[in-house]
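A.B. asks: Structure provided below as structure tokens; questions to follow.
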Amino acid sequence: KVGLHNAKTNRFLALNSAGEVYVTGELDGDQLPSNWGDAIITVTQFFSCKSGSGAKCRSCPGATKRSAHDQCDSCNAGYYLKDNKCHAAACPEWADGTDVPSGCKCWTGYYGTLTPSRS
């Protein structure tokens, strides 16, 4: 927690109960009253998350729920969620290919179409 003090003007920045920023009267940087909670600001780290296609997140958790950049809470078709990241689903054991997004082909004697889906 910090108090934001401007040494040049000898004032603090504070927030009122409506969340509006205001400037205090003149106070030295070491004179912030201990009971003056609206001038004490908690510094938090913000983690970004960009959704998109492919291995990017289909959707992101709210900003207060993230503990790292690009954490996902859902994935695009062909990808699964593990440890808040989207990973390409592997081809089934009876098909050739690296993973579902890049394409899988059924072995001889097996029939069907493998298409990515979302769960």
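A.B. asks: Hey, rough spin-label estimate for Ala63 and Leu27, points 7 angstrom out along Cα→Cβ, what's it come to in nanometres?
C.D. replies: 2.6 nm
A.B. asks: Please build a GNM for the chain, connecting alpha carbons under 10 Å apart, and tell me which residue among Asp83, Asp70, Asp30 fluctuates the most.
C.D. replies: Asp30
A.B. asks: What FRET efficiency comes out for the pair Lys56/Ser17, r = Cβ-Cβ distance, R0 = 30 Å, nearest 0.05?
C.D. replies: After rounding, the FRET efficiency stands at 0.15.
A.B. asks: Something else: Accessible area per residue, 1.4 Å probe, Å², for the chain: what's the number?
C.D. replies: Working: 8560 Å² over 119 residues.
In whole numbers, the chain has 72 Å² accessible per residue.
A.B. asks: Leaving out ligands, DNA and RNA, what percent of the accessible area of the chain is carbon and sulfur, probe 1.4 Å?
C.D. replies: 50 percent
A.B. asks: Cross-link partners among aspartates and glutamates for Lys56, C-alpha distance below 20 Å, same-chain residues fewer than 8 apart left out?
C.D. replies: Correct list for Lys56: Asp70, Asp73, Asp83, Asp99.
A.B. asks: Mind checking which lysines have their Cα closer than 27 Å to the Cα of Lys50? Skip sequence neighbours fewer than 8 apart in that chain.
C.D. replies: Lys65, Lys82, Lys85
The values are calculated or read from the model by the stated rules, or taken from the named source; none is laboratory data. Everything numeric here is computed off the predicted structure, so don't read it as measured data. Don't worry about glycine lacking a Cβ; one is built from the backbone with ideal geometry, like all the others, and counts go over all protein chains shown. To get the accessible areas, we keep the full protein, side chains included, count just its heavy atoms, and leave off ligands, DNA and RNA. Shrake-Rupley method; radii C 1.70, N 1.55, O 1.52, S 1.80 Å.
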